[in-house]
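Here is the structure we will look at, set down as structure tokens.
Read-outs throughout are calculated quantities, based only on the coordinates presented, and are distinct from any laboratory measurement. In this text, all values refer to a predicted model and were calculated from it rather than measured experimentally. Neighbour counts are summed over all protein chains in view; Cβ atoms, including those assigned to glycine, are modelled from backbone coordinates with ideal geometry.
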Amino acid sequence: MEMEKFSYDNNIVRKFIIATVVFGVIGMLVGLTAALQLVLPELNAGISWLTFGRIRPLHTNAVIFAFVGNGIFAGVYYSMQRLLKTRMWSDLLSNINFWGWQLIILSAVITLPMGYTTSKEYAELEWPIDIGIALIWVVFGLNMLMTIVKRRERHIYVAIWFYIATFVTVAILHIFNSFELPISFMKSYSWYAGVQDALVQWWYGHNAVAFFLTTPYLGLMYYFVPKAANRPVYSYRLSIIHFWALIFIYIWAGPHHLLYTSLPDWAQSLGVVFSIMLIAPSWGGMLNGLLTLRGAWDKVRDSAVLKFMVVAITAYGMSTFEGPMMSLKSVNAISHFTDWTIAHVHIGGLGWNGFLTFGMLYFLIPKMWDTKLHSTKLANFHFWIGTLGIIFYAIPLYWAGFTQSLMWKEFTDDGFLAYPNFLETVTQILPMYAMRAFGGTLYIIGVLVMVYNLMATAKSGNFIKNEAAEAPALEPNYKPHAGEYWHRVLERKPMVLTILAVVAVSIGGLIEIVPTALIKSNIPTISSVKPYTPLELEGRDLYIREGCNNCHSQMIRPFRSETERYGEYSKAGEFVYDHPFLWGSKRTGPDLAREGGAKLRKPNSWHYNHMLDPTTMSPGSIMPPYPWLIEDELDISQTADKISAMRTLGVPYPEGYEEQALIDLGAQASEIAGDLADGGIEVHPSREIIALIAYLQRLGRDIETDDLVTNE
Amino acid sequence: METIVGIEIYPLISFVIFFSFFIGLFAYVLLMRKGHIEELENLPLNENE
């Protein structure tokens, strides 16, 4: 067979590597800032852009989509060309992929601190950026699939299966979770409401973890671990089972984020069952990765690359065992809404994604710059300080999670809550928050050392922009061996594989989401639940803008410890007009679902003073002050559009209510301002704070009427 | 729509599909020729570099 000469595009890999490192450092520093703000709330310096509620989404988006995202592209572009023995199909598409992705990140860095957010976790970016993400993702997928089509290697290695599954599933998740009705440029409402919105969001959120943080990195594991250890994967057979079982099962597990919520029980149970089943493929994959080193563990002593990879795979094993455990309802009752979840995701984030990325970088840069690593000592230092950083990060947070949860649930002998003031359970864990920030600092120091080490390495070598290679072309008239039919279907037909992957991941999503959307009995309506008034709706949008849902849940679970503290547990029918849902996933502050209800209701002046400076009303509070809400005028230019958008989405505002909306809004605002004036607080009714107070006072009032009628 | 008619059969169908898919997958994997496996697992290592 005649050899064809071609070259691998290292330049695109270099670009993605630089972006990975730059955004890794930025994303982690933002995370450290957010962590420090929990101990020192004044750290935002009174600037709205820097409040926890706005930079927490910036941190999660930066590390997931900018750090890990660029890491995925770097690893995929490097490994795919070599596994398929061809250059990427189109250098132009590769570059559009790169620059488009960086543009999306830039727009996130600008818009999230400004408060442009959909409030849906890891999908906070507003609709114009969502469209950009979809386009760039398709560019990536097209370039990948076409590269597979014009490959010179007949067999498609399992790593590439993982890449394909990543591409198709992330596309499906992103599109379905981003259905939203634009009101204006940078403002939209989720197409779904309440329980359905929550289900779609966590179907997305869980699978963003599965198909953005896990499957592409498993692909990278299956390529880079054998490369670094210079031996094939432990069991290729196991990798096939691993792949199909993982993508089949993962997609079902989303509802485990909604245990004990108003989600129908059957959906919760499905989520639990599939989460437990996930242990099998996850651990199969982990063992496959670790056992690749069997008989070669001595290499780990000498290779920083392998050290990082071993800890990464171990962290993968730990978090994929812990995840299913947290999906058990009895465990979830303790872990949910606490820092346990934060610790859990950071074992995955810092350990699995972070360390595998670092291992990959230490492997790639000497290779691509044709030199040796500048300093093995520094790489080892990075490894140890990074590992210590993970430990110092996670242990205090586990401790904080257990402590707080137990305090929430503790009753006195007389049957009263032992800690009726939520704040007591927060101040108790502040030392753990401080230690967590220390752990994060150690981790970042390690990363900075790596940056120096890698730059010095690159400087000492010569970058190979286009790496020359040669391979024979595929025989056009290949005759498969007898009995090879299935091999051919699965391993050599990328499109068949792609379609099968789509089928595998679609089933779970469809079975969970469609019945919730179609069958009325899943969401019993409550006749006393009415749409928000225009002022409350505007207040709700401020709640979203400030990211209140990052620290406050609106979901009272059916536990005595919660109904004692907050009131009646939350019902599915209470959320039917909530586009988007605002259940939250973490209680750094108390639940607000019944903030305006009889049990918790506070005077308007309390809310005013609390937003101006939380510590005046709750001494020791770690909530930041929101003085701009009092200074800034509420933007009512879109109120009418918001009302008609809500009607389009099924909220029963009467026809033509747009005309009346602003009059009603003004009247309600004057009423609240008047009440505040009676208490000695002079504030103009046009201020934002008035709308926010209106919303907070509305929460939980719908079902307080005596004649509760449900339509089961 | 209030309910789905005949919903009881769905879990059974799902189980049968899942079960047979994975039985088939195991059979396929176990029956793969050793030489072929070796060829596949060495793909990352057989690069001309």
**Helix A:236-250 vs. chain A, principal-axis angle (Cα, 0 to 90°, nearest 10)** = 20
**Complete:** Amide H contacts under 5 Å for A:Leu417, restricted to residues at least 5 apart in sequence or on another chain and with H modeled in the peptide plane, are A:Thr412
**Prompt:** How much net charge surrounds A:Glu126 when only other residues with a Cβ under 9 Å from its Cβ are counted (Lys, Arg +1; Asp, Glu -1)?
**Reply:** -2
**Complete:** For A:Thr117, other-chain or 5+-apart residues with amide H closer than 5 Å (H placed, Pro excluded) are none
**Message:** Can you tell me the orientation of helix A:10-39 relative to chain A, as the angle in degrees between its alpha-carbon axis and the longest Cα principal axis, to the nearest 10?
**Reply:** 30
**Request:** Within the stretch A:14-40, find all residues whose amide N lies under 19 Å from a label point positioned 7 Å from the Cα of A:Asp370 along Cα-to-beta-carbon.
**Result:** A:14-15
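Is the shape of the stretch A:536-688 best called rounded, prolate or oblate, per the rule: a/c under 1.5 gives rounded, else a/b larger than b/c gives prolate, else oblate, with a ≥ b ≥ c the square roots of the Cα gyration tensor eigenvalues?
The shape class here is oblate.
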**Message:** If packing is taken as the average count of other Cβ atoms within 10 Å, what order do A:654-660, A:223-229, A:330-336 fall into, highest mean first?
**Reply:** A:223-229, A:330-336, A:654-660
**Item:** Per-residue ³J(HN,Hα) for the stretch A:342-353, Karplus 6.51 cos²θ - 1.76 cosθ + 1.60, θ = phi - 60°, Hz, x for Gly and Pro
**Value:** 5, 4, 4, 5, 7, 4, x, x, 6, x, 5, 5
**Fill in**
For the stretch A:633-646, Karplus-derived ³J(HN,Hα) couplings (6.51, -1.76, 1.60; θ = phi - 60°; whole Hz; x for glycine and proline) come out as 7, 5, 7, 10, 5, 10, 4, 4, 4, 5, 4, 6, 5, 4
**Complete:** The Rg/Rh figure for the stretch A:323-375, Cα atoms and Kirkwood Rh, to two decimals is 1.33
**Prompt:** Helix A:215-229 versus the longest principal axis of chain A: what is the Cα-based angle in degrees, 0 to 90, to the nearest 10?
**Reply:** 40
**Prompt:** Local charge sum around A:Gly461 (other residues, Cβ-Cβ under 14 Å, Lys/Arg +1, Asp/Glu -1)?
**Reply:** +3
**Complete:** Per-residue Cβ contact counts at 10 Å, fewest first, order A:Trp628, A:Trp352 as A:Trp628, A:Trp352
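How about the stretch A:248-312: which trypsin sites (Lys or Arg not before Pro) there lie in a loop by DSSP and see at most 15 other Cβ atoms within 10 Å?
Those that pass, being in a loop and sparsely packed, are A:Arg294.
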**Message:** Let me check against my output: what whole-number percent is the relative contact order of chain A, with C-alpha pairs under 8 Å and at least 6 apart?
**Reply:** 17
**Complete:** 1/(1 + (r/R0)^6) with r = Cβ-Cβ of A:Phe402 and B:Phe15, R0 = 45 Å, i.e. FRET efficiency to nearest 0.05, evaluates to 0.75
**Request:** Obtain the nm distance between the two label points defined at A:Ile18 and A:Leu43 by a simple spin-label model: each point lies 7 Å from its Cα along the Cα-to-C-beta direction.
**Result:** 3.0
**Asked** DSSP loop GluC sites (Glu not before Pro) in the stretch A:1-102 with at most 13 other Cβ atoms within 10 Å of their Cβ, which ones?
**Response** A:Glu2
**Request:** Would you calculate the separation in nanometres between label points at A:Leu474 and A:Ser269, each defined as 7 Å from the Cα along the Cα-to-beta-carbon direction?
**Result:** 4.7
**Asked** What is the sum of charges around A:Thr117, taking Lys and Arg as +1, Asp and Glu as -1, for the other residues whose C-beta is under 14 Å from the C-beta of A:Thr117?
**Response** -1
**Fill in**
The relative contact order of the stretch A:99-233, taking Cα pairs under 8 Å that sit 6 or more residues apart, comes to a percentage of 28
**Count, lysine Cα pairs under 22 Å in the stretch A:348-488, 8 or more residues apart or across chains** = 6
**For the stretch A:660-666, 3J(HN,Hα) per residue [Karplus equation, 6.51 cos²θ - 1.76 cosθ + 1.60, θ = phi - 60°, Hz, x = Gly/Pro]** = 7, 4, 5, 5, 4, 4, x
**Asked** What are the chymotrypsin sites (Phe, Trp or Tyr not before Pro) within the stretch A:518-623 that DSSP puts in a loop, where the Cβ has at most 16 other Cβ atoms within 10 Å?
**Response** A:Phe559
